[in-house]
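J.: Below is one structure. I have some questions about it.
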Amino acid sequence: MNGKSDLIAALRQAVGDDHVWTDGDRIAPFLREDRGRWSGTADAVVRPGSTAEVASVVRCCMAAGVPIFPQGGNTGLVGGGVPAGGVVVTTGRMTRIRDLDVLNATMTVEAGCTLAQVQETAAGAGRLFPLSLASEGSAQIGGNLSTNAGGTAVLRYGNMRDLTLGIEAVLPSGEILNALSALRKDNTGYDLKDLLIGAEGTLGIITAAVLKLFPKPARTVTAFAACAGPADALTLFDILRARCGETLVAFEYLERFGVQMVLDHLPGARDPMAQSWPAYALIELSSPDPEANLAERLEIALAEAMERELVPDAVIAGSEAQNAALWSLRESMSEMQKHAGASIKHDVAVPVSRVAEFITRGVAACTDYMPEVRPCPFGHFGDGNIHFNLTRPTNMTDAAFLAHYAQFNRIVHDLVASMGGSISAEHGIGLAKRDELPRYKDPVALNLCHVLKTAIDPLGLMNPGKVLAPR
């Protein structure tokens, strides 16, 4: 190919004129991430409608030496889908449910299916696909796979690696990897599926997947429990885990500052308790057994916690509306933070046994550096994943606060590393943490990542600049 015009012509031949966009206004939404922290440029946005078309697009770009930037629903939080020239390949037209096998408890879906679409299809068959995210109406399965998404139910069901049996992907060579196995046991060589899951599109474009399904819950109960802080919340979690076993699906930790932002800015939000408390746990139990008395089980566990003076107050939802209202306090928190000004966000993980210690030490270290900063830690206490967010002081501008981004990252990430944790729990590395990764990743493991990237993508054209910093 002799230039951009030849490439555009080849792409239009591959997917049709209507699905190659070059107009500035039309491609603008694909050039920036949701929070506005990163934006980029692209020569075109291409919308293939099948795996074969994805492969044709990849071959065209590779022949022209033009970088490819895979993109799903563009709901990522680390800049992993932001282009830097070249061609954006978006999977939004690939929305087929290829197979639904109720007896095998699997569903084969294309990468452009939204998470909500998959959830609804599973529910229609009397089954559950348990991944749950605030952005599930727009987040696509391909993006969920590429970031190894977690969500609120990891405690019970695991993250996307745990929820996936097989994948189909187009490699940088333009070859189609057919690893759409629906088997629970298959020891025939390396697990290529897990290599591409979590790779953020740097090793290929995931086009379809075989997902695990679970029995649809027949009983669900949700509670909101007050506590003095993270140490008491961790003890409460241990009580619930012992008393409720696998029926414990979610245990989310929230602090009053975050809850108050939701109450102040989310229309219709109401405080479920008569007075405010320093922190809260949002708890959910579920079971496929229609006879399971989950409310009684939860009441017994909470009564024990109250006797031990860990929980001064608690409410148990008595209806679906009350259940939704409690969950809205958690699911709206990230969005409502915007009303309080700029925030510096960290998606980190430490061993479950150390989450309370991490929050306590993290808050102390950050307020020691900037006394008036407003910490807002919350998240998936039960699997060690904390969203350790910092909201700007009320007397500081957004720009002045964000100028301290690097310093706060160093404070938080050094603490996480000292506790045997990870600087990225479920959002990925993308652009946001790419340059920090060498400080915290085992050098042998990091070198092996570079070796794999070079072997699979020798031209370095598949989502370049993400995850791994150029050497």
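The values are calculated or read from the model by the stated rules, or taken from the named source; none is laboratory data. Nothing here was measured: the structure is a model prediction, and the numbers come from that model. In this analysis, Cβ positions are derived from the backbone assuming ideal geometry, glycine residues included, and neighbour counts consider all displayed protein chains. These area figures cover heavy atoms from the full protein model, side chains too; ligands, DNA and RNA do not enter into them. Shrake-Rupley method; radii C 1.70, N 1.55, O 1.52, S 1.80 Å.
J.: Take the residues of segment 26-45 that are closer than 30 Å to Ile344 by Cα and free of Cβ contacts under 8 Å to residues at least 24 places away in the same chain: which is most open to solvent (accessible area, probe 1.4 Å)?
T.: Within segment 26-45, the subset closer than 30 Å to Ile344 by Cα is 27-42.
Applying the additional criterion that residues be free of Cβ contacts under 8 Å to residues at least 24 places away in the same chain yields 28, 36.
On the way: Ala28: 28, Gly36: 56 Å².
Only one residue fits best here, namely Gly36.
J.: Hey, Leu310 hits all of (1) surrounded by 15 or more Cβ atoms within 10 Å (Cβ to Cβ); (2) in a helix (DSSP H, G or I) but one; which does it fall short on?
T.: With (1) surrounded by 15 or more Cβ atoms within 10 Å (Cβ to Cβ); (2) in a helix (DSSP H, G or I) applied to Leu310, the lone miss is (2).
J.: Which pairs do you get when a residue that is at pLDDT below 95, found in segment 447-470, comes within reach of a residue that is among the acidic types (Asp, Glu), reach meaning Cβ atoms under 6 angstrom, with the pair 6+ apart or on two chains?
T.: Ala469/Asp435
J.: Would you confirm, using the coordinates I've provided, whether Pro375 is open to solvent by 70 Å² or more (accessible area, probe 1.4 Å), at pLDDT 95 or above, more than 20 Å from Thr235 (Cα to Cα) and not aliphatic (A, V, I, L, M)?
T.: No.
J.: Just to be sure I understand the filter: pairs with C-beta atoms under 7 Å, separated by 6 or more residues or on different chains, first member in segment 310-323 and touching a residue at least 60 places away in the same chain (Cβ under 8 Å), second member open to solvent by less than 30 Å² (accessible area, probe 1.4 Å) and in a loop (DSSP other than H, G, I, E, B). Which pairs pass?
T.: That search, which allows pairs on different chains as well, returns Asp313/Met273; Val315/Met273; Asn323/Ala317.
J.: Let me ask you something else. Does Val89 satisfy being surrounded by 20 or more Cβ atoms within 10 Å (Cβ to Cβ) and either at positive phi or modelled with pLDDT under 95 (or both)? First the steps, then the outcome.
T.: Working: surrounded by 20 or more Cβ atoms within 10 Å (Cβ to Cβ): yes; either at positive phi or modelled with pLDDT under 95 (or both): no.
No.
J.: Which of the numbered conditions does Val89 fail, given that it passes all the others? Conditions: (1) hydrophobic (A, V, I, L, M, F, W, C); (2) closer than 22 Å to Leu163 by Cα; (3) in contact (Cβ under 8 Å) with a residue 60 or more places away in the chain.
T.: So Val89 meets the others, but not (2).
J.: Do any residues in segment 350-375 that are under 17 Å from Pro278 (Cα atoms) and among the hydrophobic types (A, V, I, L, M, F, W, C) have Cβ atoms under 7 Å from those of residues that are part of a helix (DSSP H, G or I) and open to solvent by 50 Å² or more (accessible area, probe 1.4 Å), where the two are at least six apart or on different chains, and which pairs are they?
T.: These pairs meet every condition: Ala356/Ala231.
J.: Go through segment 415-446 residue by residue and tally those that are open to solvent by less than 50 Å² (accessible area, probe 1.4 Å) and free of Cβ contacts under 8 Å to residues at least 24 places away in the same chain.
T.: Residues flagged as open to solvent by less than 50 Å² (accessible area, probe 1.4 Å) and free of Cβ contacts under 8 Å to residues at least 24 places away in the same chain within segment 415-446 amount to 3.
J.: Considering (1) touching a helix residue (DSSP H, G or I) at 6+ places or on another chain (Cβ under 6 Å); (2) of a type in the set (Val, Ile, Thr); (3) not in a helix (DSSP H, G or I), say which one Val262 fails and leave the rest.
T.: (3)
J.: Right, next: How do the helices (runs of 4 or more DSSP H) wholly within segment 105-217 filter down when requiring 3 or more residues that are open to solvent by less than 30 Å² (accessible area, probe 1.4 Å) and of a type outside the set (Ser, Thr, Tyr): which remain? Step through it out loud before you land on a result.
T.: Details: elements: 115-124, 141-146, 154-157, 160-163, 192-196.
Qualifying helices (runs of 4 or more DSSP H): 115-124, 141-146.
J.: Within the bounds of segment 270-288, is there any residue that is of a type outside the set (S, T, N, Q), open to solvent by less than 30 Å² (accessible area, probe 1.4 Å), farther than 22 Å from Ser132 by Cβ and in a helix (DSSP H, G or I)?
T.: No, because not a single residue in segment 270-288 is of a type outside the set (S, T, N, Q), open to solvent by less than 30 Å² (accessible area, probe 1.4 Å), farther than 22 Å from Ser132 by Cβ and in a helix (DSSP H, G or I).
J.: When Asp23 is evaluated against the numbered criteria (1) touching a residue at least 12 places away in the same chain (Cβ under 8 Å); (2) surrounded by fewer than 17 Cβ atoms within 10 Å (Cβ to Cβ), which criterion, by number, is the only one it fails?
T.: (1)
J.: Could you check how many residues of segment 218-247 are among the charged types (D, E, K, R) and either within 20 Å of Trp327 (Cβ to Cβ) or in a strand (DSSP E or B) (or both)?
T.: We begin by selecting, within segment 218-247, every residue among the charged types (D, E, K, R); these are 219, 232, 238, 241, 243, 246.
From what's left, either within 20 Å of Trp327 (Cβ to Cβ) or in a strand (DSSP E or B) (or both): 219.
Count: 1.
J.: Can I ask one more? Do you know which of the residues in segment 59-78 that are under 26 Å from the mean Cα position of the chain (by Cα) and crowded, with 24+ Cβ neighbours inside 10 Å is farthest from Gly151 (Cα to Cα)?
T.: The first filter runs over segment 59-78 and keeps only residues under 26 Å from the mean Cα position of the chain (by Cα), leaving 67-78.
With the extra rule that they be crowded, with 24+ Cβ neighbours inside 10 Å, the set shrinks to 68-72, 76, 78.
Numbers: Ile68: 28, Phe69: 25, Pro70: 22, Gln71: 20, Gly72: 17, Gly76: 13, Val78: 16 Å.
Among those that are under 26 Å from the mean Cα position of the chain (by Cα) and crowded, with 24+ Cβ neighbours inside 10 Å, it is Ile68.
J.: Ala52: among the small types (Gly, Ala, Ser), open to solvent by 50 Å² or more (accessible area, probe 1.4 Å) and farther than 21 Å from Asp435 by Cβ, yes or no? Step through it out loud before you land on a result.
T.: Numbers: among the small types (Gly, Ala, Ser): yes; open to solvent by 50 Å² or more (accessible area, probe 1.4 Å): yes; farther than 21 Å from Asp435 by Cβ: yes.
So Ala52 passes the test.
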